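Asks: Would you mind keeping the following structure in view while I ask a few things?
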Amino acid sequence: MPPPSPYGPKAEVGPPGLAAKLLSFCEELRSEGVAVGTSEILDAFAALEQVPWTSRDDFREALAATIAKSQEDRRLFELLFERFFFRSAEAQAIEHGIEETERRHEGGERLDIDELREQVRQAILEGDDGEMRDLARLAIAAFGRQGEGSGVVGVDVQRIRRTLGLSAGQQPPAQDGAAELPPIDRDQLNAFERHLRRELERDLIERTSNLPPSRPLAELDRALPTSPTQDLAAVHRAVSQMKRRLATLGHEQRGRRRSQTVDVRRTMRASLQTGGVPMYLRYRPKRPRRPEIYVLCDVSTSVTSASVFFLSVLHALHDSFRKLRSFVFIERISEVTEVFEHERDFRVIAQRISSEGGVADVSGYTDYGRVWLEFLGEISDELDPRSTVIVLGDARTNGREPHAEVFAQVAERARRLFWLNPEPRLYWNYGDSVMAAYERHCDGAFECWTTRHLENFVNVVAGGVPAAD
Amino acid sequence: MPDGSVAEVKDSLAAVGYLADEPAALVSFLAQRLEKPVLVEGPAGVGKTELAKALARSTGRELIRLQCYEGLDEAKALYEWNYRKQLLRIQAGGEDGWEDVHGDIFDQEFLLERPLLQAIASPEPVVLLIDEIDKTDQEFEAMLLELLSDFQITIPELGEVAATTMPIVVLTSNNSRELTEALKRRCLYLWLDYPDLERELEIVRLHAPELPEALARRMVEVIRMVRDLDLKKPPSIAESIDWARTLLLMGAEDIDSETFAQSMSIIVKHRTDIELVSERVGVKLAAAESLRPQG
């Protein structure tokens with residue numbers, strides 16, 4: 001007798017057939033934020049008519065080519081594809097009461113843990129997927145013998161990995177003078193862990209004949225970039241977008257409104273080609289104005305977590321703009337344009353700024369008022385209606401005089417002034433934050449601690465619509 | 001030449017010197033079957049443009065290429081009226097009334113075809129390559145939409161020009177800006193990345209067959225080491241091939257720190273990058289040498 005359906009009412013299984021399955025797969029993609037339109041689904045079906053379904057790779061690639069339209073989407077697609085079809089298969093297995101407990105983990109009892117370790121190491125080195133899967137099963141069986149699993153899949157995976165003595169990167173030198181072990185590739189190790197996880201989940205599902213509810217994917221990239229180099233590429237992309245927008249900003253409307261000047265000499269010369277009839281009007285070329293950008297970046301302890309992000313933004317800005325001057329400040333202000341121009345390696349830059357910036361005076365607390373005074377004093381002659389000033393900071397003055405009127409002077413001289421605050425808007429003006437005093441003088445103040453916020457800032461600056469959160 | 005299966009497309013691409021991986025072959029196959037444009041994205045120098053060229057060669061079609069740049073407009077991409085010729089026609093026609101002339105001068109004869117119109121109007125099927133679409137403005141992208149979904153172009157004076165034969169359309173992008181959803185929706189998507197070690201080795205061996213296997217492998221390994229660094233411009237596949245040929249010319253037998261220092265400029269082309277690479281990779285090579293037994 002087949003076990004009762006774990007789903008309760010039939011409706012959840014949905015109508016039978018591949019079409020329904022694919023549609024619910026697309027639903028799942030949508031719920032993770034991949035924009036799958038009806039036209040994409042139609043394309044997917046058209047594509048599937050052309051490839052053999054028996055090949056898993058062809059099937060997946062055909063779907064991916066028609067549905068996932070960016071690298072980010074592709075990553076989500078891979079994750080969800082794996083999960084969705086794994087779950088579907090398991091659901092079917094439960095439905096029809098198929099089990100494989102008897103045949104599973106065959107030989108697991110006989111295997112010595114040292115021998116297993118060697119085999120796993122070998123499989124990981126060779127990157128043999130099928131072998132890794134089999135060994136993952138064996139490892140689970142062997143591990144099960146040693147003691148009870150914790151019941152939490154993630155914990156068990158790590159326990160098994162440690163029992164097998166596997167770690168990525170260079171291997172510790174062997175004790176008894178045996179040959180040195182070759183380093184283990186991190187990706188391959190992750191693949192092995194995936195297999196472990198998969199097999200443990202399968203075990204669990206079989207034991208309980210129940211599918212755990214599917215959870216939304218973890219929000220991997222919402223938080224601060226943990227490693228600056230990791231997210232540097234994303235920051236660079238957002239900034240190069242900003243460059244285009246800042247460069248063309250306002251030119252269009254102004255160009256149309258303001259009449260162009262006809263270059264009489266060139267028009268006459270061009271008319272020679274058309275028999276003296278001035279068919280083409282030649283205009284004096286308009287020289288695009290180079291935007292001049294001043295960036296002030298808070299590097300005090302209150303924004304420690306964000307300053308890595310800010311520095312990478314600065315780094316990217318320097319890659320894109322030639323006329324850019326950057327300053328870092330805590331109590332005093334210090335120009336770091338040179339450091340960025342001469343160093344390429346981000347880590348070196350971060351180090352040099354912290355060592356020779358000379359921005360902390362005595363207390364190490366930010367003094368915004370003094371910073372504005374110094375900034376204005378240093379470059380007041382150079383600020384003109386062409387310049388854009390961007391401030392990166394949390395506006396926490398530590399109870400010191402904010403000198404908002406000096407800030408207003410800066411804002412007045414510059415064409416535009418933007419403030420990027422690494423704190424959520426909710427915290428602004430709480431405690432010693434004097435954001436409101438400064439915000440009045442800004443052309444825009446934004447919360448900004450992820451690349452997504454940065455892109456949003458770029459959109460708003462360019463007059464577009466802010467991206468939905 | 002209709003292709004029967006993915007494997008056949010892959011083979012025919014390989015026959016003209018392009019070693020496609022599975023996804024690339026599949027997408028090329030789907031593009032021909034579904035008659036949809038393909039959007040290829042990926043870092044510079046992984047063979048995005050080359051894929052289009054190889055498709056043209058393997059299918060025996062003509063390649064029409066539109067190189068995009070900032071400020072590219074319809075007159076350069078679609079069509080333009082040949083004002084000079086029209087003017088001549090008006091002047092030559094002297095006695096003719098306006099009625100005769102104005103029907104006459106807006107005729108195929110006075111139309112200058114630019115790449116996109118060329119591709120549509122061509123009597124033979126072609127491969128249309130729209131290179132570096134991310135360099136253009138969003139307005140231009142919008143203009144492409146009609147072409148990409150219906151394969152037709154509307155010329156106000158003439159009406160619609162619809163494609164008689166379906167071109168294979170390949171768009172490439174270096175991902176320097178996000179393309180619009182509308183454009184993406186009309187395309188198949190292919191992400192090309194740097195090939196894995198074995199495939200790159202195959203590619204190098206295909207283009208520099210005289211290079212000994214062991215040396216080629218060593219070279220590809222070094223290239224991958226260089227790519228792992230955070231460079232302004234990582235070496236592309238074309239540069240690996242160039243380097244392979246350089247090593248052949250130099251008669252090198254192994255990549256030691258000396259050969260590397262001499263020929264490094266083939267694969268690294270930025271002053272700051274050169275410093276970084278010679279510091280990181282050069283040192284590694286030197287260390288490897290000192291370990292090896294002499295002679």
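Derivation of every value follows stated rules applied to the coordinates shown; laboratory data play no part. Fair warning: this is a prediction, and the values are worked out from it, not measured in the lab. Note that each Cβ is placed from the backbone with ideal geometry, even for glycine, and that neighbours are counted across all protein chains shown.
Asks: Quick one: Kirkwood hydrodynamic radius for region B:197-289, alpha-carbon pairs, angstrom, one decimal?
Replies: Details: mean 1/r = 0.0766 Å⁻¹.
Kirkwood hydrodynamic radius for region B:197-289: 13.1 Å.
Asks: Continuing with this model, one more query. Under the 0.36 nm per residue contour assumption, what length would be gained going from the current alpha-carbon distance of A:Ala408 and A:Glu82 to full extension? Before the final figure, lay out each step's value.
Replies: Numbers: separation 326, 0.36 × 326 = 117.36 nm, distance 5.54 nm.
Value of the extension gain: 111.8 nm.
Asks: Distance between Cα centroids, region B:175-221 to region A:398-418: provide it in whole Å.
Replies: About 51 Å separates the Cα centre of region B:175-221 from the one of region A:398-418.
Asks: Two decimals is fine: what is log10 I(q)/I(0) at q = 0.16, 0.18 Å⁻¹ for region B:129-203, from a Debye sum with one equal scatterer on every Cα and no solvent?
Replies: -0.71, -0.83
Asks: Can you list residues from other chains, or at least 5 along the same chain, whose modelled amide H is less than 5 Å from the amide H of B:Val169?
Replies: The list, which skips near neighbours in sequence, is B:Val38, B:Leu128.
Asks: Here's something else I'd like to know. Hey, quick one: spin label on B:Thr154, modelled 7 Å out along Cα-Cβ, who in region B:163-189 has an amide N within reach, i.e. under 16 Å?
Replies: Hits in region B:163-189 for B:Thr154 at 16 Å: B:163.
Asks: Testing the spin-label approximation: label points 7 Å from Cα along Cα→Cβ at A:Gln351 and A:Leu272. State their distance in nm.
Replies: 6.3
Asks: Sticking with this structure for a sec: For the residue pair B:Leu229 and B:Glu109, what label-to-label distance in nm results when each label sits 7 Å from Cα along the Cα-to-beta-carbon direction?
Replies: Each label point is offset 7 Å from its Cα along the Cβ direction, giving 6.3 nm.
Asks: Looking at this model, which pairs from B:Lys135/B:Lys284; B:Lys135/B:Lys269; B:Lys76/B:Lys232; B:Lys10/B:Lys76; A:Lys21/B:Lys135; A:Lys21/B:Lys36 are more than 28 angstrom apart at the alpha-carbon? Write out the running numbers ahead of the final one.
Replies: Numbers: B:Lys135/B:Lys284 38 Å; B:Lys135/B:Lys269 22 Å; B:Lys76/B:Lys232 32 Å; B:Lys10/B:Lys76 34 Å; A:Lys21/B:Lys135 39 Å; A:Lys21/B:Lys36 25 Å.
B:Lys135/B:Lys284; B:Lys76/B:Lys232; B:Lys10/B:Lys76; A:Lys21/B:Lys135, as the Cα separations exceed 28 Å there.
Asks: Which of the GluC sites (Glu not before Pro) found in region B:1-77 are loop residues per DSSP with 13 or fewer other Cβ atoms within 10 Å of their Cβ? Spell out each step's value before the answer.
Replies: Working: sites: B:Glu8, B:Glu35, B:Glu41, B:Glu50, B:Glu62, B:Glu70, B:Glu74; in loops: B:Glu35, B:Glu70.
Qualifying residues, ordered by number: B:Glu70.
Asks: Would you calculate a helix-derived [θ] at 222 nm for chain B, using -39,500 (n - 2.57) for each DSSP H run of n ≥ 4 and dividing by the full residue count, to the nearest 500?
Replies: Numbers: 15 runs with 146 residues, N = 295.
Calculated mean residue ellipticity at 222 nm is -14500 deg cm²/dmol.
Asks: Another question, then. At a Förster distance of 56 Å, what's the computed FRET efficiency of B:Ala7 paired with A:Tyr283, Cβ-Cβ distance as r, to 0.05? Don't skip to the end; give the middle numbers.
Replies: Details: r = 57 Å, r/R0 = 1.02.
Here the calculated transfer efficiency is 0.50.
Asks: Separation between the A:Asp381 and A:Asn190 pseudo-spin-labels, each 7 Å from Cα along Cα→Cβ, expressed in nm?
Replies: 5.4
Asks: Pop out the Kirkwood hydrodynamic radius of chain B from its pairwise C-alpha distances, inverse of mean 1/r, in Å to one decimal.
Replies: Details: mean 1/r = 0.0453 Å⁻¹.
22.1 Å is the Kirkwood radius here.
Asks: Given the C-alpha atoms of region A:10-95, compute the convex hull and give its volume per residue in Å³. Numbers along the way, then the final one.
Replies: Numbers: hull volume 8.4 nm³, N = 86.
For region A:10-95, the hull spanned by Cα atoms encloses 98 Å³ per residue.
Asks: I've got another one for you. Given the alpha-carbon gyration tensor of region B:45-173, what are the semi-axes of its equivalent ellipsoid in whole angstrom, ordered largest first, with each equal to the square root of 5 times an eigenvalue? Present the calculation step by step, with values, prior to reporting the outcome.
Replies: Numbers: eigenvalues 209, 51, 32 Å².
Those come to 32, 16, 13 Å.
Asks: On to the next question. How high is the relative contact order of region B:115-222? Use alpha-carbon pairs under 8 Å, at least six apart in sequence, and give a whole percent. If you can, show how the numbers build up before the last one.
Replies: Details: 105 pairs, mean separation 31.7, N = 108.
Computed value for region B:115-222: 29 percent relative contact order.
Asks: Treat every Asp and Glu Cβ in region B:197-289 as -1 and every Lys and Arg Cβ as +1, leave all other atoms uncharged, and give the resulting dipole magnitude about the Cα centre to the nearest 20 debye. Numbers along the way, then the final one.
Replies: Working: 13 positive and 18 negative charges, 73 e Å.
Dipole magnitude for region B:197-289 comes out near 340 debye.
Asks: Let me ask something else. So how much slack lies between A:Asp129 and A:Asp112, counting 0.36 nm per residue of separation and subtracting their Cα-Cα distance, in nm?
Replies: Values: separation 17, 0.36 × 17 = 6.12 nm, distance 2.19 nm.
Length gained between A:Asp129 and A:Asp112: 3.9 nm.
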